[in-house]
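Worksheet for the structure shown next.
The values are calculated or read from the model by the stated rules, or taken from the named source; none is laboratory data. Nothing here was measured: the structure is a model prediction, and the numbers come from that model. Quick reminder, even Gly has a Cβ in these numbers, built from the backbone with ideal geometry, and neighbours come from all protein chains shown.
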Amino acid sequence: KEEALFFWEDHYAADSAINALESKSLLTMDVDNRFRMHGRIQDMGRWIVKEAGDLNPHMYSRLWDRDDVSKVLEDAK
């Protein structure tokens, strides 16, 4: 957690935000001190990325779906 706070200018605000997410069980720390999100939150983020990409996998900032990855790689040939 301390390493993540290093990247924010306002450590207090970041710490408060992280604590709020942890208290709502939206974020946890694993045994290796890495952040983990609930699976539903990850799914929601992936959905948001797809929606922002206008259903065109070439425009997505991330690719998770096997079909999307295949399409982008095939089109790149």
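If only residues of region 36-77 that are of a type in the set (S, T, N, Q) and over 17 Å from the mean Cα position of the chain (by Cα) are counted, the one that is nearest to Leu26 (Cα to Cα) is Asn56. Here Leu55 clears all of (1) of a type outside the set (S, T, N, Q); (2) part of a loop (DSSP other than H, G, I, E, B); (3) under 30 Å from Ala20 (Cα atoms) except the condition numbered (3).
When Glu2 is tested against (1) over 18 Å from the mean Cα position of the chain (by Cα); (2) modelled with pLDDT of 75 or more; (3) of a type outside the set (Ser, Thr, Tyr), exactly one condition is not met: (2).
Close Cβ contacts (under 6 Å, 6 or more residues apart or on different chains) running from residues in region 41-52 that are assigned to a helix (DSSP H, G or I) to residues that are surrounded by 11 or more Cβ atoms within 10 Å (Cβ to Cβ) and aromatic (Phe, Trp, Tyr) comprise Arg46/Trp64; Val49/Tyr60.
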